[in-house]
Amino acid sequence: MKWNCFELENKLIQSKQAFEASEDNNRNAVFKLKKLHTEIGELHQEIKKLNIQKEELNGETGDMETCLQEKKAELQVVMDYLRNTKEQQLSAKNSTLKQLDEELKGQSDHEKVEKSAEYPEIDGRSGIRRVWITGHIQNPGSRL
């Protein structure tokens, strides 16, 4: 029986050691579990902060897009105004050029008529006058 007691005592010591090892393992597991819970809580807080930042950025992006659309509309108004102004200036210049061209053409036609349609007449004052088809009478040496 002594042998049995010795064996039992060894088994008891082994069981105590196993229990202590198991208890250490449990303490380590509990410590690790608490540490994981803390890390999970910190990660949740970080996720909340990131979601808030994301919402702020989305709001800023929306504001920027709105501002960009407003600026684009303003720019379109300015471009339309400039285009219309330039078209009006161009139209006025074209009209002026046409008018000047017509005046030059009229002057040129008038000079052609003047050169080709001179009829000498004798004046009672012993001078020659030129009579143009246009009906103008001019003494020699005077200009239109």
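Each value in this text was obtained by applying a stated rule to the coordinates, not by laboratory testing. Because the structure is predicted, anything quoted here is derived from the model rather than measured.
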Scattering from the C-alpha atoms of the range 12-59 alone, worked out with Debye: what is log10 I(q)/I(0) at q = 0.18, 0.20, 0.21 1/Å?
-0.66, -0.72, -0.74
Under the 0.36 nm per residue contour assumption, what length would be gained going from the current alpha-carbon distance of H37 and K93 to full extension?
12.0 nm
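Between L57 and Q14, what length comes free when the chain is fully extended (0.36 nm per residue of separation minus the Cα-Cα distance, one decimal in nm)?
So the extension gain works out to 9.2 nm.
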Can you report the principal axis dimensions of the range 23-85 using only the alpha carbons, biggest first, rounded to whole angstrom?
91, 11, 6
Using 0.36 nm times the number of residues separating D101 and Q45, minus their current alpha carbon distance, what extension gain do you get?
12.0 nm
